[in-house]
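A quick write-up on the structure given underneath.
The values are calculated or read from the model by the stated rules, or taken from the named source; none is laboratory data. Bear in mind that the values here come from a model prediction, so they are computed numbers and not experimental data. Here the Cβ positions follow ideal geometry from the backbone for every residue, glycine too, while neighbour counts run over all protein chains shown. These accessible areas exclude ligands, DNA and RNA; they are computed on the full protein's heavy atoms, side chains included. Shrake-Rupley method; radii C 1.70, N 1.55, O 1.52, S 1.80 Å.
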Amino acid sequence: MYWNMPEMEITIAENKITINSDVLKRQVTCTLLMAEENYIAEPFNLLLLNDGQETPNLQLVETLEELTNTNRIKPLIVVAIHAGEERIQEYGIAGKPDFKKRGSKAALYAEFIKSELLPAISEYTGIEKFETTAFAGFSLGGLSALDIAWNNPELFNKTGVFSGSFWWRSKDLAKGYTDRDRIMHNVIRNTTIKPYLKIWLQTGTKDETADRNKNGIIDSIDDTVDLIKELELKGFKRPNDIQYLEMFGGGHDIATWAKAMPKFLVWAFGR
């Protein structure tokens, strides 16, 4: 029987781990967050988080402590991966750079996650298998997280995308762009076998002001809703497989994502 000791306050310890990546040819710093106390006997869960350098601004330690001590989430280890100087090349969609050739190292970043980071986490924690393994990110980092989880459902059960860059496209707006040029939508459309994956998506009504099709809805919401439609065509169901949070007044910023984070964590790791 699993047990813990709810009468004791759990604090979240913060550690830094550094990986000398042969794949990315650079040092990768990660912030590791986990409960200080060692009496937790339940299976642990794992969350990988892109743009991990933003952990303090997200107030993630405080959020984890609050959710843990109110018994709203299961035991969780967060590995927040700090972006490097080539963030715009390492994030994106593996093997499919956008029309400006951004995301050219996305395949390498995915390989780093699979062959270097996950084994390093298992070695560091001594945990070979987590009950749930999720990958999340913000903006372009959210696009990256979804792409990696989508293509590796044997490694990830869930993914979370905050204000995802689903506008990522193969053709410039001024050179004949249509909605069929959105790369992540095409990845989903062209996937033959539905991956076993649960997906959480968030946008804010003030994510941006652009409105390509002049329908009165900003592009970030349009692109996310259209992505959901592609997922539903693949057999995903709402709310079991897809959760969508649209935040009134929410912006494309850390403050909005920090407010949304507890909702994601409870969805992904709730009791």
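Charges on Cβ only, +1 for Lys and Arg, -1 for Asp and Glu, centred on the Cα centroid of the chain; of LEU201, TYR244, THR191, which one is farthest towards the dipole's positive end?
Selected residue: THR191.
Counting only DSSP beta bridges with both residues in the chain, tell me the antiparallel percent, nearest 5.
40 percent
Of the heavy-atom accessible surface of the chain (probe 1.4 angstrom), what whole percent is carbon and sulfur?
On the chain, the fraction of accessible area on carbon and sulfur atoms equals 50 percent.
What's the local net charge at ARG169, with K and R +1, D and E -1, over the other residues with C-beta under 12 Å away? Walk me through the numbers on the way to the answer.
On the way: positive: LYS96, LYS100, ARG102, LYS171, LYS175, ARG180, ARG182, ARG212; negative: ASP98, ASP172, ASP179, ASP181, ASP219, ASP223.
Local net charge: +2.
Considering the values (1) 14; (2) 26; (3) 7, which represents percent of Cα pairs over 35 Å apart as calculated for the structure under consideration?
Structure-derived value, by its label: (1).
Report ³J(HN,Hα) in whole Hz for each residue of segment 17-23, in order, from the Karplus equation J = 6.51 cos²θ - 1.76 cosθ + 1.60 where θ = phi - 60°; Gly and Pro get x.
Karplus-based 3J(HN,Hα) across segment 17-23 equals 10, 10, 10, 7, 7, 6, 6 Hz.
How many Å² of accessible area per residue for the chain, probe 1.4 Å?
47 Å²
Shape of segment 200-253 from its Cα gyration tensor (a ≥ b ≥ c, root eigenvalues): rounded if a/c is under 1.5, otherwise prolate when a/b > b/c, or oblate?
Working: a/c = 3.25, a/b = 1.55, b/c = 2.10.
It comes out oblate by the Cα gyration axes.
Name the trypsin sites (Lys or Arg not before Pro) in segment 85-115 that are in a loop by DSSP and that have at most 10 other C-beta atoms within 10 Å, would you?
For trypsin sites (Lys or Arg not before Pro) across segment 85-115 that sit outside H, G, I, E and B with at most 10 neighbouring Cβ atoms in 10 Å, the list reads LYS100, LYS101.
Please state the relative contact order of the chain as a whole percent: Cα pairs under 8 Å, 6+ residues apart?
Computed value for the chain: 17 percent relative contact order.
Per-residue ellipticity at 222 nm for the chain, helices alone: DSSP H runs ≥ 4 residues times -39500 (n - 2.57), over residue total, nearest 500 deg cm²/dmol? Before the final figure, lay out the partial values.
Working: 8 runs with 80 residues, N = 271.
Helices in the chain give a 222 nm mean residue ellipticity of -8500 deg cm²/dmol.
HN-Hα J couplings of segment 139-153 from phi, Karplus 6.51/-1.76/1.60, θ = phi - 60°, integer Hz, Gly and Pro as x?
6, 5, x, x, 4, 4, 4, 5, 4, 5, 5, 4, 8, 9, x
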